[in-house]
Amino acid sequence: MLRCIVVDDEPPAIDIIAGYVPDVSFLQLAGTFTNPVEALMQVQKEKIDLIFLDIQMSKLTGLQFMNLLQGRSQVVIVSAYNEYAIHGYEHNITDYLLKPVSFERFYKAAEKALRFADISSRETLPQATVDFIFVKSGNRMVKVNLADILYIEGLKNYISIYLADKRRVITLQNMKTLEDLLPSHRFFRVQKSYIVNIEKIDAIERQRIFINDQVVPVGEAYSSGFFAAIQSLGK
């Protein structure tokens, strides 16, 4: 469950976003604020996981708010203007919503926040030392060393595990089952059909990951969580 607040100096805009929250099972509304200073005080007093934040407010702009927030909570910007998007992502925001916001778009942003919260919580847990996994390939259980995995691709009826020696292991396991087997601090789901070994990434350009001579696309729904995780590794 993500505890969230809505911060906007226009009450009608608050009503729209706050009205969406009860229809999302993993969100809990902890408050709404027309005064961003009061919202900051609330964040300092209790744990707030997610903030839906207007960018243009009279007492404190959204960018000033995030500077004072210092990364205590995830932020989804909600704005009528798209020119602030670059500045927002410089503050590692989770998503950027343009007004008027549809419920579908709101839900996608909330899902991104949930995924990122899940990644963050898993990374705080002690990681067991696992050097290999076993997957079923045909009639055999095949041992796959984690250090050899470049990336994993989910196809229509099977999964391909691409290895550093150019071998490929094919298994009938589904992506979610395989993802749960892999240590989350080393392997990231970057698209519905792709999991990458972060240690094998050569370069990242926009929404493309380069591993050896292969290009793996980053899906929109996974982009924020993946790039936030990448940035955190450099800190």
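The values are calculated or read from the model by the stated rules, or taken from the named source; none is laboratory data. Predicted model only: the values in this text are computed from it and were never measured. Cβ sites come from the backbone with ideal geometry, for glycine too, and all protein chains shown count toward neighbours.
Summary table
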{"read-out": "Tally, over region 18-69, of residues that are touching a strand residue (DSSP E or B) at 6+ places or on another chain (Cβ under 8 Å) and in contact (Cβ under 8 Å) with a residue 60 or more places away in the chain", "value": "4"}
{"read-out": "Strands (runs of 3 or more DSSP E) (entirely within region 1-79) containing at least 1 residues that are of a type in the set (Phe, Trp, Tyr)", "value": "27-33, 50-54"}
{"read-out": "Candidate set from region 191-207 (those that are among the β-branched types (Val, Ile, Thr) and either more than 17 Å from residue 231 (Cβ to Cβ) or part of a strand (DSSP E or B) (or both)); member that is modelled with the lowest pLDDT", "value": "204"}
{"read-out": "Any hit, region 175-183, residues being within 16 Å of the chain's Cα centre (by Cα), charged (D, E, K, R), closer than 18 Å to residue 147 by Cα and crowded, with 17+ Cβ neighbours inside 10 Å", "value": "no"}
{"read-out": "Selection within region 132-162 - within 15 Å of residue 194 (Cβ to Cβ) and either outside the structural domain of residue 217 (by TED's automatic domain parsing) or surrounded by 16 or more Cβ atoms within 10 Å (Cβ to Cβ) (or both)", "value": "149, 150, 151, 152, 153, 154, 159, 161, 162"}
{"read-out": "Yes/no for residue 63 being in the same structural domain as residue 117 (by TED's automatic domain parsing) and either farther than 19 Å from residue 3 by Cβ or charged (D, E, K, R) (or both)", "value": "yes"}
{"read-out": "Matching residues in region 139-183 - criterion: being over 18 Å from residue 217 (Cα atoms) and of a type in the set (Gly, Ala, Ser)", "value": "147, 164"}
{"read-out": "Members of region 149-190 found to be among the basic types (Lys, Arg), assigned to a loop (DSSP other than H, G, I, E, B) and under 16 Å from residue 209 (Cβ atoms), listed by number", "value": "186"}
{"read-out": "Some residue of region 196-203 being surrounded by 14 or more Cβ atoms within 10 Å (Cβ to Cβ), basic (Lys, Arg) and touching a strand residue (DSSP E or B) at 6+ places or on another chain (Cβ under 6 Å)", "value": "yes"}
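For (1) closer than 23 Å to residue 143 by Cβ; (2) in contact (Cβ under 8 Å) with a residue 60 or more places away in the chain; (3) hydroxyl-bearing (Ser, Thr, Tyr), each residue gets a yes or a no:
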{"position": "171", "(1), (2), (3)": "yes, no, yes"}
{"position": "178", "(1), (2), (3)": "yes, no, no"}
{"position": "189", "(1), (2), (3)": "yes, no, no"}
{"position": "198", "(1), (2), (3)": "yes, no, no"}
{"position": "205", "(1), (2), (3)": "no, no, no"}
{"position": "212", "(1), (2), (3)": "yes, yes, no"}
{"position": "218", "(1), (2), (3)": "no, no, no"}
{"position": "221", "(1), (2), (3)": "no, yes, no"}
{"position": "225", "(1), (2), (3)": "no, yes, no"}
